[in-house]
Structures are given as structure tokens and as C-alpha cells.
Amino acid sequence: MLRPLYIIGSLYVAFSALVLLTGSPATGHVGASGGPPATTPYAGPAGEWFQAIRPHCNSVEVATRHQWMPPPATEEGWAYSAACYALAGKIDLARQAIERVSASDRWRAAGIVFNVAHPVADAGDDLSAGPIMELVVEFWPNHYMALYHAGMSRYALGHRASAEAHLRKFLEYYDQNDGWRRNALAALAEMEED
């Protein structure tokens, strides 16, 4: 009596595996933004590629999605690839993507990474944005907003020396009397009291 259920269960598992490997049973494949490994980089604009992959820029999916739909083989494509890896917390892979860009233009790639991650930091999550901002500063050392967010992240984590270094450098480049400057000065003053 259990034998027919066992056979049905086995067939269901086999069918499920087939669907996972080949896509939907109706089409036999998965679309370009989520299908099997591609053999060539995305042929369209880098920004378009990023918009398609953006929902998958997380630690679970980012590597697979890059395999399934490689970025355009351009400097802008590698910059957006770096941004996606950075959002996923894969800072080493983001760095490798930026390093594919010509040395004289890596700061521009870092700027794309910054622009993608900046809303996270501006929303108040300097802890999450901190490693990304440190990556930006690595390739664009005088990017004052990246210095600010990297410094505030280090400050929140209690890493005094690097927080001070980033925040002091931020103040060298940024002289507006606003909340960012006041926050940096307050953090530095608090660290000096300790």
C-alpha cells in the first residue's frame, strides 16, 4: 500500500529537480535575469544590468546571479558589479571588481559604489554602510561623505583610531556648518574625553 505513495513521491522529487535545473515546465528555461549560467557578459547598458540584478544583491544570491548574468565587460559594468557585491557584504569581491577598472578610473568606480550605498548610510545605518564606505575611501581617499560614514561606523563600533582618522580627514574636506560636521565634531570630542 505504501509502494504507490513512494513511487509518486519519488516522481515528484525527480520532477522538482528537473524544474529547478531547466526552469519552468512550460518554457523549459528560466529568463535572462535568473536563468542558467550565461556564456557571455550582458550586452546592454551597465545601469540596466544593475537594475535587473539589484534585487539579488544579497549574500545568498549575489555570486550565483553574477554567474547567471555576468555584468557588461566594461569599466562601468565592473563598477556596478562592485556595487552589487558591496551591498551583499562581499567587500573582497567588490574590491576585485573595482580592480578590473583601469587604475586611473578606479575612483569613478568607487563613486558608483558610493552612489548605490549612500542611501543606506543616509538613512542612519552607518554600521551596515561602514565597510562599503571604507572601500570607497580606499579608491577615492578624499571622498568626504564616504570618510564621514566610514568614520561614524568605526566610532559606533568603538574603533577609536580609525574613527578619528576618518573623521579628521572628513573635516579637512568639509567645512559646511551642518549636522554632518556637528556629528563628526561631537564624536571626536567624546573620543577625546575617554
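Observations, loosely collected:
- Accessible surface of segment 120-194 [probe 1.4 Å, protein heavy atoms]: carbon and sulfur percent: 49 percent
- A Förster distance of 25 Å, applied to the separation of the beta-carbon atoms of Ala161 and Asp122, puts the FRET efficiency at 0.50.
- Ranking Leu188, Val116, Ala156 by Cα position along the charge dipole of segment 55-194, where only Lys, Arg, Asp and Glu carry charges on their C-beta atoms, puts Val116 farthest toward the positive end.
- Computed over protein heavy atoms with a 1.4 Å probe, the accessible surface of segment 144-194 works out to 56 Å² per residue.
- Prolate/oblate/rounded call for segment 109-166, Cα gyration tensor, a/c under 1.5 rounded: oblate
- Note on segment 57-141: the C-alpha convex hull projects to 5.0 nm² when averaged across all orientations.
- Here the Karplus relation 6.51 cos²θ - 1.76 cosθ + 1.60, evaluated at θ = phi - 60°, turns the backbone of segment 56-67 into coupling constants of 9, 7, 9, 5, 7, 9, 4, 5, 5, 5, 5, 6 Hz, with x for every Gly and Pro.
- Rounded to the nearest 20 debye, dipole of segment 51-194 from Cβ charges on Lys, Arg, Asp, Glu: 440 debye
The values are calculated or read from the model by the stated rules, or taken from the named source; none is laboratory data. This one's a predicted model, so the numbers in the text were calculated from it and none came from an experiment. Ideal geometry is used to build each Cβ from the backbone, glycine not excepted, and the neighbour counts take in all protein chains shown. Surface accessibility is based on the protein's heavy atoms, side chains included, excluding ligands, DNA and RNA. Shrake-Rupley method; radii C 1.70, N 1.55, O 1.52, S 1.80 Å.
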